[in-house]
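Notes to accompany the following structure.
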Amino acid sequence: MMIKHEVHSDLPIPPGEYLAEVIAELGMTKDELARRMNRPAAKLSAIFAGDKAITSDTALQLEKVVGVPAHIWTGLEADYRLTLARLNEEREQQQLREESELVTKFCYKELAELGLIAKKTKPAEKVAELQRFFGVTSLRNIPGLRRYQAAFRAGRRKRSPEALAAWLRIGEVKGQKTVCAPFDANKLEKMLSELRSLTLQPPQQFEPELHKRLAEAGVALVLAPHLPKTCVHGATFWLGRDKVVLMLTLRGSWADIFWFSLFHELGHILLHLSKQDVILESDEVESANQAYEREADQFAADTLIPPDAYKNFVESGAYYRGNLESFASQAGIDAGIVVGRLQHDGHIKNSWHNQLRSRYGWKL
C-alpha cells in the first residue's frame, strides 16, 4: 500500500478518521482490529474519535497490523494535537478581544496603580491580567461566583458591580496572604477593650498591632482604598472554614468614622456573619439587612462609648472642649470619637470641636 503524507489543514482531523479508512480498505472491522491488537475495543473507539492520543507503542502495533509505518501515525497525531492547540489559542485570543470592553468596568487602571496587576498597553493583555487577578478563565464568569454575587445584586444605580467585585477580590487576595489563627469568637470578644484602647495611638503605632491582634482571633484585616463607583465602606466574609476577612476603606478619612466602621464590622462578625454571607456596607442598605445594620451600629456605639457613661454625659450638656477631653480620657478613647458621636446624634453642630478629630490617609 502506497500513501503520500502531506497534511496541511486548519481543521483538526483526528488520526482515527484515517485509521477507519485504512481498515475499511482492508475489509477489517473495528472489533477485528481490537482483537488483532489485543486491545480493548473501548480504548480503540477513543482513538477513532480523537479523544485518546496514538502513542508510540500504539503506532508500532498499527504498523504490524495494518501495514502503515509507525512514523505516519505519530506524525498524524502530532499534527492533530498542534492544530487543536492552535485553534484553542485563537479562541482564547478572540475571547480576550471580546472581553476588552470589561477592562474599565473591572478597574484595571486602579488595580495596576495599586501594584496588584501588571501594567499593560494592549487590551487583550489587560484582560489576561484581570483574569489572573480574579483567578478565572473568563471575566464573564465572575457574576456567577458566590463571593461576588452580593456585588451584582440589584442596588444603587451609581454603584458598579464589577468595581465592587474587584474591591472584594482585593480583600480575598490579601486575606489569603494573611496568616491567622483559627477564628475564635470568644477570643475576639474578649479583646474588644484592647482594640478600643488603640484609638489613642497614631496610625503608625496602632495599625500593626491591630492587624496582629485581630489575626490572633482569626480575623484578617484588609485596608483597601476606595475604587470608583463602589460606594462601599466595608465588608466581612469567610475565607475558608477558619478565617474571616474584615475589609475597610477610609470613609471620609475621619479617624472616628474609621473606628466606628471597624467596630461595626466586628459587630457583624460576632452577631450575624454566616459561612455563606458577604456583608457589604454602603450608603444604601437593603431592606432585608436594616435590622442587622441597626444592631451592628448599636454594637459599635456601645463598645466604643459605654452607654450609661454616654447617657450621663449627654444629660450634663457640658460640651466644652475641656469637658469632652476629660470624658474621653475617663472612657479611655480618643476625644475625636466622642465629638463624632455627639455630632452624629445631633447634640452638637457638625462644625463644633473638629479640631479634636483627626484624619487618616493612605500610604501606598
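The values are calculated or read from the model by the stated rules, or taken from the named source; none is laboratory data. Since the model is a prediction, treat every value here as computed from it, not as a measurement. Don't worry about glycine lacking a Cβ; one is built from the backbone with ideal geometry, like all the others, and counts go over all protein chains shown. These area figures cover heavy atoms from the full protein model, side chains too; ligands, DNA and RNA do not enter into them. Shrake-Rupley method; radii C 1.70, N 1.55, O 1.52, S 1.80 Å.
Brief remarks follow.
- Look at the stretch 57-83: where a residue is aromatic (Phe, Trp, Tyr) and a partner is crowded, with 18+ Cβ neighbours inside 10 Å and part of a helix (DSSP H, G or I), sitting 6+ places away or on another chain with Cβ atoms under 7 Å, you get Trp73/Pro15; Trp73/Ala59; Trp73/Leu62; Tyr80/Pro15.
- Restricted to the stretch 305-364, and to residues there that are in a loop (DSSP other than H, G, I, E, B), touching a residue at least 12 places away in the same chain (Cβ under 8 Å) and small (Gly, Ala, Ser), the residue that is farthest from Ile257 (Cα to Cα) is Gly332.
- The residues listed here are Leu227, Leu214; of these, the one that is within 17 Å of the chain's Cα centre (by Cα) and of a type outside the set (Lys, Arg) is Leu227.
Listed here are the residues, each with its yes/no results for (1) farther than 27 Å from Leu248 by Cα; (2) open to solvent by less than 40 Å² (accessible area, probe 1.4 Å).
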| position | (1), (2) |
| --- | --- |
| Phe313 | yes, yes |
| Arg321 | yes, no |
| Gly332 | no, yes |
| Gly336 | no, yes |
| Val339 | no, yes |
| Asn350 | no, no |
| Gln355 | no, no |
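- Filtered by the rule that a residue be over 19 Å from Gln94 (Cβ atoms) and either part of a helix (DSSP H, G or I) or among the charged types (D, E, K, R) (or both), the stretch 121-141 gives Phe133, Phe134.
- Test: residue in the stretch 113-125 that is at pLDDT below 90 and of a type in the set (Gly, Ala, Ser): yes
- Failed item in (1) within 30 Å of Val103 (Cβ to Cβ); (2) of a type in the set (Lys, Arg); (3) at pLDDT below 95, with Arg196 passing the rest: (1)
- Residues satisfying the stated conditions in the stretch 77-98, i.e. at pLDDT 90 or above, in contact with a helix residue (DSSP H, G or I) (Cβ under 8 Å, 6 or more places away or on another chain) and not aromatic (Phe, Trp, Tyr): Glu77
- From the list Gln343, Gln290, Gln298, the lone residue that is among the polar types (S, T, N, Q), under 34 Å from the mean Cα position of the chain (by Cα) and at pLDDT 90 or above is Gln298.
- Test result for Pro225, in a loop (DSSP other than H, G, I, E, B) and either open to solvent by 10 Å² or more (accessible area, probe 1.4 Å) or not acidic (Asp, Glu) (or both): yes
- Of all residues in the stretch 153-191, those being open to solvent by less than 60 Å² (accessible area, probe 1.4 Å), part of a helix (DSSP H, G or I) and closer than 26 Å to Ala128 by Cβ number 14.
- Of the residues making up the stretch 138-159, those that are more than 30 Å from Ala215 (Cβ to Cβ) and either modelled with pLDDT of 90 or more or under 11 Å from the mean Cα position of the chain (by Cα) (or both) are Ser138, Leu139, Arg140, Asn141, Pro143, Gly144.
- When Ala150, Ala78, Ala118 are checked against the criterion of being within 30 Å of Leu246 (Cα to Cα), in a helix (DSSP H, G or I) and small (Gly, Ala, Ser), a single residue qualifies: Ala150.
- Per-region count, the stretch 6-56, residues assigned to a loop (DSSP other than H, G, I, E, B), open to solvent by 80 Å² or more (accessible area, probe 1.4 Å) and at pLDDT below 90: 5
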